[in-house]
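Chemist: What follows is a structure written as C-alpha cells; I'll ask about it next.
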Amino acid sequence: MSQLYELSEVAQQNGKNGKPCWLIIKGNVYDVTKFLGEHPGGGEALLEYGGKDATKAFKQAGHSSDAEKDLKNYKIGEINSAAPIQVQPTSIGAAKPTENTILADPEPAKKSSSGFCCC
C-alpha cells in the first residue's frame, strides 16, 4: 500500500527555502527534488508546480512515454482521497425567517385588571 498524503502536506514541500520539491500528477505524489537538475525543461519548470497539482501541465507538455515511465522512479505516495471535502454553505435555498417565525421564546402573557390582555 502506498503512503497517503494530505494536500496540506504536499503544499509544504514546494522546493523553496531548502525544502524538497513534491508534485501531484494524476493523484500520485512525486518527490522530484533530485530530478530538478536533470529535467530537460529545466528545474524552474518543476519548481513552478512545487507543492501543487501539476497534472494539467504534465499533460500539456507532451511528455514522451519514456518520461511517463521514468516518473515512477520518483513516486513517494498518493493523495488521500478519503479525506472529507469541506463544502462551503451557499445562500441558495438557505432558510430565511418569515414574518410568522418565532425567533425566541415569547414573553408570557400579562394579566390586566380586567383579566383580558391585548398585548
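The values are calculated or read from the model by the stated rules, or taken from the named source; none is laboratory data. Not measured: the values here are computed from a predicted model. FYI the Cβ positions are ideal-geometry reconstructions off the backbone, even for glycines, and counts take in every protein chain you see.
Chemist: If Lys52 meets every condition in (1) modelled with pLDDT under 95; (2) under 21 Å from Glu6 (Cα atoms) apart from one, which number is that one?
Modeler: For Lys52, the failing item is (1).
Chemist: Would you confirm whether any residue within the stretch 28-41 is of a type outside the set (Phe, Trp, Tyr) and in contact with an Asp or Glu (Cβ under 7 Å, 6 or more places away or on another chain)?
Modeler: Looking through the stretch 28-41, at least one residue is of a type outside the set (Phe, Trp, Tyr) and in contact with an Asp or Glu (Cβ under 7 Å, 6 or more places away or on another chain).
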